[in-house]
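Before any comments, here is the structure.
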Amino acid sequence: DNTAFGFVFPYFNRKGQPKFFLYQHSFIPWNHSGSIENKERQDGIDYRTLEKMGFCTITEASIDSYLSLKNVEESITPKFDMHNREVYIGFDYSQFSDNTAFGFVFPYFNRKGQPKFFLYQHSFIPWNHSGSIENKERQDGIDYRTLEKMGFCTITEHKDGIINTDQVYQW
């Protein structure tokens, strides 16, 4: 099983705020010799959608890349127990057209005693301004329903498509 947890950092939103994302995927090194479409078809993973959401970065492996494949591979944390740990929590709340999200930063020390951070994020997706989740997906170019099945987000269950505060609270 080559399932792994990893992080792509940094990603900055339109407001210039850093965003951190946890993603779970089957990590298979890729030499970028084929097209991204072929890689997606081969793996059955929509990497371009995940990139739009900030869950991964598609880059050519080269000397001047911001993150080398080796850096990404070395940042993967197979499992992390979040229970009974110090945590810093960020909360970005919106009701109508913008996503609501929690961000969690867990400081810890690795086996070598080096300070590290484990990052976890979850978004809540409204569709009120778009009229439906299908329209929101088309407008944003993101398959939110698939990402929800993968555990990366929660689509509102509110009948009017606004953020359901009960859903956020229960999560």
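Please treat every number below as a calculation from the coordinates, not as lab data. The structure displayed is predicted, hence computed values, not measured ones. Counting neighbours? That spans all protein chains shown, and the Cβs are built from the backbone with ideal geometry, glycine included.
Okay, here's what the table says:
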quantity	calculated
Long-range amide H partners of LYS116 with built H, under 5 Å	TYR108, PHE109, ASN110
Loop sites in segment 94-135: trypsin sites (Lys or Arg not before Pro), DSSP, at most 10 other Cβ within 10 Å	ARG111, LYS112
Segment 89-170: C-alpha pair distances exceeding 19 Å, %	43 percent
Qualifying GluC sites (Glu not before Pro) for segment 96-165 [loop in DSSP, other Cβ within 10 Å: at most 16]	GLU157
Fully extended contour minus Cα-Cα distance, from GLU37 to SER130, at 0.36 nm per residue	30.7 nm
Rough spin-label spacing in nm, given labels placed 7 Å along Cα→Cβ, for GLN114 and ASP81	2.3 nm
